[in-house]
Structures are given as C-alpha cells and as structure tokens.
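J.: Structure incoming, see below.
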Amino acid sequence: MSLLVVGLSHRSAPVSVLERAALSADAQAKLLQDTLAAEPAAEASVLSTCNRIELYADVDKFHAGVAELSTLLAQHSGVGLEELTPYLYVHYEDRAVHHLFSVACGLDSMVVGEGQILGQIKDGLARSQELHTAGRLLNDLFQQALRVGKRAHSETGIDRAGQSLVTFGLEQLAAGSPVDVWAKDKCALVIGAGSMSSLAAATLARAGVAEIVVANRTLERAERLAQILSEPGGTKVAARAVPMDAVGDELTRADVVVSCTGATGLVLSEAEILRATEGRTGGLALLDLAMPRDIDGAAHRIGGVRFVDIESLAEASADAPMAADVDQVRGIVSDEVAAFGAAQRAATITPTVVALRTMAADVVTGEIARLDGRLPELDEKQRAEITQTVRRVVDKLLHAPTVRVKQLAAEPGGAGYADALRTLFDLDPEAVAAVSRADLNELNEPVAKNRGRAS
C-alpha cells in the first residue's frame, strides 16, 4: 500500500484560499482523470466539501507523487502552485488512513462531530467508481472510512460534540435564542436543491418556519424538494418552488435565506440585498454555506441584515466545546487504522496463496491421471478414495504454512513473505498476477452495483 493524500482544509488555509480553490463537479472529474494519467498514480479519489479539498492516490513514488498531486490540485483549482503550496498538507500510508478515518468521524470538521461528512465521503467514492479511477485500495479505504464513521456515531456520544454545519449556522443566526423559537412562523428562502440545501430546508421545516420557498437553476429539482417537504410523509411545511430569476422578488418576502449552490459567481449581490431591505420592518437573516460564496460579503454592512458565512462559522467553531467522547472516538480511529493496515498487508499474500493452491491442485490432477495410466484396472470407488487421500495429504501439508504466512504478512514489515513463498515454490509470477486481476474485476462489479450499502 502506498496511499498518499494531498489537500487543504479550514485547518490549513484561510477561507479566501479555500473559496478560490473550490472545484466544480466537472473540475473534480477532470482532476481524477488527469491524476490517473499521471505516471506516479494508479488510483485516485477526490474528497471535496465546503471546507476541504483532498486528493487521494495510490502512488509508487512518494516524492514524485507529492509533486504531481500538488501540481494537479493547483492546475485544476486555478490557484497558482507557489501560492497554494504553503497551505497544503501531506499524509502518507498509515497517516493517510488515520486522516481519512478522523475526517469520517467528524474529528477534523469545522463543527466537531457533525455527521454530514459521511455523505460527502460516499459522494467521493461514488464519483471515483463511476469514473473507474478507484481500484482495490481506495475502494477498501473509503468503504472502511464510512463504516468507521458510522461506528463512531453509534458507539459514542460524538454527536453531542457538534451538529451539522446547517444547524450550527442557524444557531449563529439565532444569536443565542433557541433555533425553534427564532425560526417560528418565519418565511424561508432556500437557494439551491443539492444535499446541503435539502438539509437546510428540512432543518428549517423542523424548526417551525411557516413557509419554505426553494429556488434552483433546474426548476424540476426545486419542485421535487418542495414536494418532499410538503407531502404527508415529509415535514408538512408549506413549500413551493420558483425559478432562479424569481429570487429577487422572493427576497423581499423572506425573513431568512440559506444559499448553497454550485455557482462560480455571486447569486445575491449587495444591490439585490439592499433593494430587499428597503422599507422592511423586520430584519433579514442570510446564511451562505457555498464555496465559493453565493452571497456578497458586503451584506454584513447593510443595516438590519444578519449575515453568516463559512468564514464566520470557522471563527465561531473555534470556541465550540469539545465533548468527552472525542477521546473515545480517537481510540476507535487508532484501532481501525491498525486493523485496516493489517488487512491490507494480509491481502497482498492472498493471490500468492491462491496460486500455490492452484499449482498443488494441478499436481494432484496430473498424478491421478498418471496413476490411471499405470493402474487402469482400478474401479471408480478405488480411484475416488485414492484421489481424496492425495488431496487430503496436500491440503494438510499446505494448511499450516499458508495460514501462518497470512498471519506473518499482516504484521508490519510482512510484505516480503509473498516474495518468499513465490521463490520457495517456484510459482509463475503471471499466475499470481492473473489471480490479482480476477480479484479486482470481481471487486469492481458488486461495489459499483451495491454502492448504496456503503453509506
């Protein structure tokens, strides 16, 4: 395993840099394809959220891999390499596994313990599967990260240490009041219909707003979200959908606005916000969860407007209390990293063991055929008994060494046992490689098909 991650997050870079480095869905796809085309990388996955951009790869050379991944991140983000480099962090092998597992548990989130990161990891895995840039290592890594995150949330109280970014943002808008008291009977405008916007709409509905208006560039997606919110099985809030060109008019009616789109430019300008506040008796609350930002930062200077964005959330979260459960989650992460490393090391021996057993089976078949030629008078019962006896002898001779070599290979520094086994038994390298290829083909089919089970 030569896992490498190069990235930047709210912990390493100011929000202004993260905003400029944000990658669209198309840019992420191109980054994955270009990473795979680069010589040091055999697999690649991207984890992109509102406060982190990370590129994971299986590389054959550490220094060349760091240089290549850093260059690719700079090229696709549009931030120059010299400017970007001071904000990049690098993790390799077990440290890279530890980092992703910590991220999955919410330990590295802006709001510690938030669970939304699991959906974003699942999205990153799905993207790399669809583009066929994830092989065995990254499939195993991301699938296990999802399981570790779920374990942390089910076995500990890490949820008490923080909430989703949406909830935290609404708490900042409420300025000390309970969110359900602050939100009661308000009219909310939600701009965007993606996962974050949907979560915001559902959270507002549960908080007791009177109406939710959903605006999106694709009206059908906005209508679908509005229907989910208002149907009997949903939150039953009054909800309707409008096209994006109606945002200006809806802004004049809204009490609270949450925006999270994939737009590359501003969705709400200072002038539009000023027009919406003219003659208004109540205040206007704006929550911008987009990266890059949707709402003009000048909004905080407008009278009667309370404005919260990613940058102000980052500052507020620095003072958020840490739950005692964080230490327990860290213990889970450490245990899972050790288990993952052992499993990956053990997996390297499996194709060799399979090839050895295949060779032994071929030897048995050849010897039984030779016996048939020398003793043609054997009846079927005698032949079957002899065949079974020879197979049992071979299985018993191979059992202890193959079990032991798997145990040894799982230990740190155990990678050389596969080479030793191949040398001792003079195994054909191509036979071992063929097992590995067949194994990978079997892996990719069900993983892509049953992707939902990894959530």
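J.: Can you give me the C-alpha center-to-center distance between the range 78-154 and the range 247-316, rounded to a whole angstrom?
T.: Result: 30 Å between the Cα centres.
J.: Taking every alpha carbon pair in the range 323-389, what does the distance histogram look like in 5 angstrom bins from 0, in percent?
T.: It works out to 3, 14, 12, 10, 9, 7, 8, 6, 6, 6, 6, 4, 4, 3, 1, 0, in whole percents.
J.: Sticking with this structure for a sec: Provide the three semi-axes, in whole Å and in decreasing order, of the ellipsoid equivalent to the range 1-117 as defined by the square roots of 5 times the Cα gyration tensor eigenvalues.
T.: 20, 17, 13
J.: Next question, about the same structure. Under 18 Å Cα-Cα from Lys30, which lysines qualify once same-chain neighbours fewer than 8 residues away are excluded?
T.: Reachable lysines: none.
J.: Just check the range 1-57 against the gyration tensor rule for me: Cα atoms, a ≥ b ≥ c as the square roots of the eigenvalues, rounded for a/c under 1.5, and otherwise prolate or oblate depending on whether a/b exceeds b/c.
T.: Here the range 1-57 falls in the oblate category.
J.: Let me ask something else about it. Take every DSSP beta bridge with both residues inside the chain and express the antiparallel ones as a percent of the total, to the nearest 5.
T.: Approximately 45 percent, going by the DSSP bridge assignments.
J.: Also, quick follow-up: Using only the alpha carbons of the chain, determine the length spanned along each of the three principal axes and report them from longest to shortest in whole angstroms.
T.: That works out to 106, 53, 42 Å along the principal axes.
J.: Under a Cβ-only charge scheme (Lys and Arg +1, Asp and Glu -1), can you give me the dipole magnitude of the chain about the Cα centre, in debye to the nearest 20?
T.: Around 880 debye, computed over the chain.
J.: Right, here's the next one. Between the helical axis of 62-77 and the dominant principal axis of the chain, each derived from Cα atoms, what acute angle in degrees is found, rounded to the nearest 10?
T.: Roughly 30 degrees, rounded to the nearest 10.
J.: Once you have the Cα-Cα distance between Cys187 and Tyr89, take 0.36 nm times their residue separation minus that, and quote the gain in nm to one decimal.
T.: Extra length available between Cys187 and Tyr89 comes to 31.1 nm.
J.: Treating only the Cβ atoms of Lys and Arg (+1) and Asp and Glu (-1) as charged, compute the dipole magnitude of the range 268-399 about its Cα centre; round to the nearest 20 debye.
T.: Roughly 680 debye, rounded to the nearest 20.
J.: Run lengths n ≥ 4 of DSSP H only: what is the helix-derived mean residue ellipticity at 222 nm for the chain, with -39500 (n - 2.57) per run over all residues, to the nearest 500?
T.: -18000 deg cm²/dmol
J.: Another question, then. Within 12 Å, Cβ to Cβ, of Ser198, how many net charges do the neighbouring residues add up to if Lys/Arg are +1 and Asp/Glu are -1?
T.: +2
J.: Among Leu32, Leu397, Gly262, which residue has its Cα positioned farthest towards the positive end of the charge dipole of the chain, with +1 placed on the Cβ of Lys and Arg, -1 on the Cβ of Asp and Glu, and the dipole taken about the Cα centre?
T.: Of Leu32, Leu397, Gly262, it is Leu397.
J.: Per residue of the range 2-14, in order, report the coupling 6.51 cos²θ - 1.76 cosθ + 1.60 (Karplus, θ = phi - 60°) as ³J(HN,Hα) in whole Hz, putting x for Gly and Pro.
T.: 3J(HN,Hα) across the range 2-14, in whole Hz: 10, 7, 10, 10, 10, x, 8, 8, 4, 7, 10, 9, x.
J.: Another question, if that's okay. Can you give me the % of accessible surface on the chain that is carbon or sulfur? Probe 1.4 Å, all protein chains present, nothing else counted.
T.: Solvent-exposed carbon and sulfur of the chain make up 52 percent of the total.
J.: Between Thr358 and Thr252, what FRET efficiency comes out of the Förster formula 1/(1 + (r/R0)^6) with R0 = 56 Å and r the beta carbon distance, rounded to 0.05?
T.: 0.15
J.: Over all directions, average the projected area of the Cα convex hull of the range 59-119 and note it in nm².
T.: Dividing the Cα hull surface by four gives the mean projection, 5.2 nm².
J.: Mind running the shape call on the range 211-335? Use the C-alpha gyration tensor, a ≥ b ≥ c as the square roots of the eigenvalues: rounded below 1.5 for a/c, prolate if a/b tops b/c, oblate otherwise.
T.: Cα axes put the range 211-335 in the oblate bin.
J.: For the residue pair Glu220 and Ala420, what label-to-label distance in nm results when each label sits 7 Å from Cα along the Cα-to-beta-carbon direction?
T.: 6.1 nm
J.: Hey, another quick one. Give the residue from Leu88, Gln75, Gly373 lying farthest towards the positive end of the charge dipole for the chain; charges sit on Cβ (+1 for Lys and Arg, -1 for Asp and Glu) and the dipole is referred to the Cα centre.
T.: Gly373
J.: Please work out how much length the chain gains when fully extended from Ala384 to Leu398, using 0.36 nm per residue of separation minus the C-alpha to C-alpha distance, in nm with one decimal.
T.: Length gained, Ala384 through Leu398: 2.9 nm.
J.: Turning to a different aspect of this structure: Rounded to the nearest 0.05, what FRET efficiency do Ala64 and Ser334 have when you use their Cβ-Cβ distance and R0 = 25 Å?
T.: Calculated value: 0.25.
J.: Then there is this: So, in nm, how far is label Ala369 from label Asp180 when the simple model puts each one 7 Å beyond its Cα toward the Cβ?
T.: 7.6 nm
J.: May I ask you to compute the full-extension gain from Glu430 to Ala271, defined as 0.36 nm times their residue separation minus their alpha-carbon distance, rounded to one decimal in nm?
T.: 50.5 nm
J.: How much space per residue, in cubic angstrom, does the convex hull of the C-alpha atoms of the range 47-166 take up?
T.: 115 Å³
J.: Run the dipole for the range 237-286 about the Cα centre, Lys and Arg Cβ at +1, Asp and Glu Cβ at -1, nothing else charged, and hand back the magnitude in debye, nearest 20.
T.: The calculated dipole for the range 237-286 is roughly 140 debye.
The values are calculated or read from the model by the stated rules, or taken from the named source; none is laboratory data. The model shown is predicted, which means the values in this text are computed figures rather than measured ones. Quick reminder, even Gly has a Cβ in these numbers, built from the backbone with ideal geometry, and neighbours come from all protein chains shown. Surface areas here come from the heavy atoms of the whole protein model, side chains and all, with no ligands, DNA or RNA. Shrake-Rupley method; radii C 1.70, N 1.55, O 1.52, S 1.80 Å.
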